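The values are calculated or read from the model by the stated rules, or taken from the named source; none is laboratory data. Here the structure is a predicted model, which is why all the values come from computation and not from measurement. FYI the Cβ positions are ideal-geometry reconstructions off the backbone, even for glycines, and counts take in every protein chain you see. Heavy atoms of the whole protein, side chains included, go into the accessibility calculation; ligands, DNA and RNA do not. Shrake-Rupley method; radii C 1.70, N 1.55, O 1.52, S 1.80 Å.
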Amino acid sequence: MFFWLNRFDKVDVPPICFGKGIQEKIQDKLKEKVEGKCTGRYGYTILVAKVVKVHPGRLDVVTGHAHFGVEYQAIVFKPYKNEVLPTEVSLVTEQGFWCQAGPLEIFVGIDGIPKDYIFNPTDKLYSSEDEDKLICKGSRCRIRILGMTVDADKFKVVGTMKGPYLGPDS
């Protein structure tokens with residue numbers, strides 16, 4: 001799910017960036033530090049939308065860098081258990097398939113695939129018994145999150161396509 005959050009972070013600015021345009025350099029350093037990164041607490045930071053306030057910097061006498069506290073607003077993506085997501089299949093194996101929902105990688109094991117789907121090892125795909133629905137690399141599929149673990153910088157997610165309105169998009 002996507003959220004609009006108020007966040008605070010610290011940014012280190014080297015001495016070469018001091019002077020005119022330091023506000024833009026602070027904003028660039030903040031974006032470089034947080035955009036596209038994952039934290040267990042907030043999820044994936046998609047975009048730094050607005051810098052609200054830059055607090056006065058503190059100079060590090062050893063390195064010469066200035067440390068600024070920055071309040072900002074960001075769009076973040078954080079998955080939740082039982083959430084239904086549209087995904088794109090990235091890898092198909094005999095044990096199941098991997099799919100992507102934005103930056104999130106989801107594994108759907110053989111237990112999460114309906115029984116009427118059969119694995120074809122030569123073409124590396126799952127097909128329904130009547131062969132009107134296929135799960136192959138690049139196909140779109142609706143998945144429900146069954147469980148997940150959160151590391152410091154990554155979500156490990158297991159999903160299923162068993163259930164109403166889940167499975168490959170026709």
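Within the stretch 54-82, the set of residues being of a type in the set (D, E, K, R) and modelled with pLDDT under 95 comprises Arg58, Asp60, Lys78, Lys81.
Going through (1) at pLDDT below 90; (2) among the acidic types (Asp, Glu); (3) open to solvent by less than 60 Å² (accessible area, probe 1.4 Å) one by one, Asp9 falls short only on (1). In the stretch 17-50, the residue that is farthest from Lys154 (Cα to Cα) out of those that are among the polar types (S, T, N, Q) and assigned to a helix (DSSP H, G or I) is Gln23. Hey, among Thr122, Thr149, which residue is modelled with pLDDT under 95, of a type in the set (Val, Ile, Thr), more than 14 Å from Thr87 (Cα to Cα) and part of a loop (DSSP other than H, G, I, E, B)? That would be Thr122, the only listed residue that is modelled with pLDDT under 95, of a type in the set (Val, Ile, Thr), more than 14 Å from Thr87 (Cα to Cα) and part of a loop (DSSP other than H, G, I, E, B).
Scanning the stretch 29-55 for residues that are surrounded by 17 or more Cβ atoms within 10 Å (Cβ to Cβ) and of a type in the set (Phe, Trp, Tyr) yields a single hit, Tyr44.
The residues listed here are Thr39, Thr122, Thr93, Thr87; of these, the one that is of a type in the set (S, T, N, Q) and in contact with a Cys (Cβ under 7 Å, 6 or more places away or on another chain) is Thr87. Note on the stretch 118-141: among residues that are open to solvent by 90 Å² or more (accessible area, probe 1.4 Å) and in contact (Cβ under 8 Å) with a residue 40 or more places away in the chain, the one that is farthest from the chain's Cα centre (by Cα) is Lys137. Taken across the stretch 20-28, residues that are open to solvent by 60 Å² or more (accessible area, probe 1.4 Å), among the polar types (S, T, N, Q) and farther than 30 Å from Ala101 by Cβ do occur, with at least one present.
All conditions in (1) farther than 26 Å from Val157 by Cβ; (2) open to solvent by less than 60 Å² (accessible area, probe 1.4 Å) hold for Arg58, with the sole exception of (2).
If you take the residues of the stretch 65-117 that are surrounded by 13 or more Cβ atoms within 10 Å (Cβ to Cβ) and of a type in the set (Phe, Trp, Tyr), which of them is farthest from His55 (Cα to Cα)? Top of the filtered list is Tyr117.
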